[in-house]
Amino acid sequence: MSAYTDKTNVPDTIRQNQPIVENETIKRLRIGSVSAFLIISSGIYIMLLISALRWTNSPFLGLLLDPNLVVNASTPESWPARQLETPVNYPERLIEIDGQPVTEPADISDILSAHPVGTELSFKFVQPSNSRILPTKSQRERIVTLPLMEPSNAILWRQFGILYVIGLITLAIGIWTFWMRPDSEAAQTFAMYTAAAAIAIGGLFQMETTHDVARLWIVALSFAGSLNVQFAIVFPYRIR
């Protein structure tokens, strides 16, 4: 009877140990995936800094524009475009520079890079005809003359530096949390959330100037929202 019992206990022991092997493998894969995510996110964050510094090498039109070339409402009041009798404002959209049509941010960079700081160029703006936002002036189209501005260090710090430092701190907190508890699901989710949120915060400047990370910024923002929900599910949890 005891021999029969011993034989039947062998497969039970194997079955009991099998999930432990699987859980250990899954744990290593999860830790590796989160580590890779943080490394890639850190590389992207460094790329944001390089992109911002490169932006200072060319003059700009003194306006913050969304990727669809619509004037961003956060343009500082002290810039020339906001000092006009009728300031350039949202929801006007830039369609021409010195008679040359522009349809994407790269067109603006190509035109402005050919002129030195201080050069006055004509900019044509159009009011939306199918927007819920009422026009800010009677004419639908208008042309204004604006001098090209120099991207000074003060502008770079106010528009980019402050947000970049906030995002950097957010990223550092996530990496530190994962470093302390790499096998915790809550720590893993939190680390990935902070990495995505850091890119969303640090990339706001590019969304208004260079527009070279627009798609990446949208993906990061989507990841941050999704991971925030996931984090709310796994944390807090009862301490074992």
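Any read-out appearing in this document is the output of simple, stated calculations on the displayed coordinates, not a laboratory observation. Since we're looking at a predicted model, the values are computed, not measured. FYI the Cβ positions are ideal-geometry reconstructions off the backbone, even for glycines, and counts take in every protein chain you see.
Miscellaneous remarks
- Sequence ranges 60-70, 194-204, ranked by mean other-Cβ count within 10 angstrom, highest first: 194-204, 60-70
- Subtracting the Cα-Cα distance of I31 and F235 from 0.36 nm times their residue separation leaves 71.7 nm of extension gain.
- Förster radius 30 Å - calculated FRET efficiency between V117 and R140 (Cβ-Cβ, nearest 0.05): 0.45
- Ranking N72, I108, L53 by Cα position along the charge dipole of the stretch 41-123, where only Lys, Arg, Asp and Glu carry charges on their C-beta atoms, puts L53 farthest toward the positive end.
- Taken along the Cα-to-beta-carbon direction at a fixed 7 Å, the label points for Y90 and I50 span 3.2 nm.
- Shape analysis of the stretch 191-240 places it in the prolate category; the axes a ≥ b ≥ c from the Cα gyration tensor give an a/c of at least 1.5, with a/b above b/c.
- Each residue of the stretch 101-110 was assigned a 3J(HN,Hα) from its phi angle through the Karplus expression (A = 6.51, B = -1.76, C = 1.60, θ = phi - 60°), giving x, 10, 10, 8, x, 4, 4, 5, 4, 4 Hz with x at Gly and Pro.
- Given R0 = 22 Å, the distance between the Cβ atoms of I39 and W157 translates into a calculated FRET efficiency of 0.20.
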